[in-house]
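Asker: This is the structure I want to talk about, given as structure tokens.
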Amino acid sequence: MPSKQEAEGSNPPWVAFFYVIVGRFKIRKRNRVLQEMDNLLIKAYDEVVSIRYLEPKKSKCLYIIAHGAGAGIEHPFMETCQKLLYDVNIATYAFNFIYKEKGKKFPGGKKALDETYKAVWKHVVENFDYPVFIGGKSMGGRISSRVIDDLKDVKGLIFLGYPIHPPGRPEKFSSPQLFEIDHPMLFLQGSRDAFSSQPFASKTVESTKNGKLIWLNGGDHSWKTRKKDDKTQEQLMAQATSANPAGSTAA
């Protein structure tokens, strides 16, 4: 297996993260997206949620990707992330939380969110023989950081815009669990993200046991950019998984 330095020098942020932990794999540029839409029963609540699973033929690992508070797996951000990771041979398993499946706007209590995530992880490890990573977009990533201690055989966590603090209010930091996590963690944050001011976010990640921070220049919480910025949201998303993510800087 290559060293961490070798992997990071020749691979994009997401791919390097998987690469260092799992091992070498080839990038396929023209995969046809093969996806499976299905339902999963969350037994603790007797509720069914929608899932979307993408599996490249040469998958080396699987990433459980949970959505943010405002949109479910049908959101273009979620769909694009899955397709980009498919193109680098990473299988993904996305799912709706129960509140979103019911068409509700607000997530509700933590217990149902956490139990849903744990139920999805249980289903994945019982049915797929891949090294498993967990995480997600914003709220989905935060939930994964809350439940990691209850899960086994997880190789690492990947956060797609982690809400380190409420918008513009770093004094309201509410994720102390990050400092207790031993697993490797990768934070992919927009440089203009109101949920992660740069000085505070950098200090927070540096204080974790095994975290790494990548800034996507010009991006907001969903990696959207302004007209005056050099890159579009689509380009930043591709940058996160492309062979040469110029413009990202590791903290």
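Asker: In contact with a Ser or Thr (Cβ under 9 Å, 6 or more places away or on another chain), of a type outside the set (Lys, Arg) and not in a loop (DSSP other than H, G, I, E, B) - does that describe any residue in the stretch 216-230?
Answerer: For the stretch 216-230, residues in contact with a Ser or Thr (Cβ under 9 Å, 6 or more places away or on another chain), of a type outside the set (Lys, Arg) and not in a loop (DSSP other than H, G, I, E, B): present.
Asker: Another question about this same structure. Scan (1) surrounded by fewer than 14 Cβ atoms within 10 Å (Cβ to Cβ); (2) modelled with pLDDT of 85 or more for the single condition Met78 breaks and write down its number.
Answerer: With respect to (1) surrounded by fewer than 14 Cβ atoms within 10 Å (Cβ to Cβ); (2) modelled with pLDDT of 85 or more, Met78 is out only on (1).
Asker: Here is a follow-up. The conditions are (1) crowded, with 21+ Cβ neighbours inside 10 Å; (2) farther than 18 Å from Pro184 by Cβ; (3) touching a residue at least 40 places away in the same chain (Cβ under 8 Å), and Ala112 fails exactly one of them. Which is it?
Answerer: (1)
Asker: If you take the residues in the stretch 161-186 that are part of a loop (DSSP other than H, G, I, E, B) and among the aromatic types (Phe, Trp, Tyr), which one is surrounded by the fewest Cβ atoms within 10 Å (Cβ to Cβ)?
Answerer: Filtering the stretch 161-186 for residues that are part of a loop (DSSP other than H, G, I, E, B) and among the aromatic types (Phe, Trp, Tyr), the one surrounded by the fewest Cβ atoms within 10 Å (Cβ to Cβ) comes out as Phe173.
Asker: Could you check Lys111 against (1) among the basic types (Lys, Arg); (2) touching a Gly at 6+ places or on another chain (Cβ under 8 Å); (3) over 15 Å from Ser50 (Cα atoms) and say which number it fails?
Answerer: Here Lys111 clears every test but (2).
Asker: In this structure, is Leu160 among the hydrophobic types (A, V, I, L, M, F, W, C), in contact (Cβ under 8 Å) with a residue 60 or more places away in the chain and farther than 26 Å from Tyr45 by Cβ?
Answerer: So Leu160 fails the test.
Asker: Which pairs do you get when a residue that is under 22 Å from Pro184 (Cβ atoms), found in the stretch 117-132, comes within reach of a residue that is assigned to a helix (DSSP H, G or I) and not basic (Lys, Arg), reach meaning Cβ atoms under 7 angstrom, with the pair 6+ apart or on two chains?
Answerer: Tyr117/Ile143; Tyr117/Ser144; Tyr117/Val147; Lys118/Val147; Lys118/Asp150; Pro131/Val22; Val132/Val124; Val132/Val125
The values are calculated or read from the model by the stated rules, or taken from the named source; none is laboratory data. These figures come from a predicted structure and were not determined experimentally. A quick note on method: Cβ atoms are made from the backbone with ideal geometry, for glycine too, and the neighbour counts reach across all protein chains shown.
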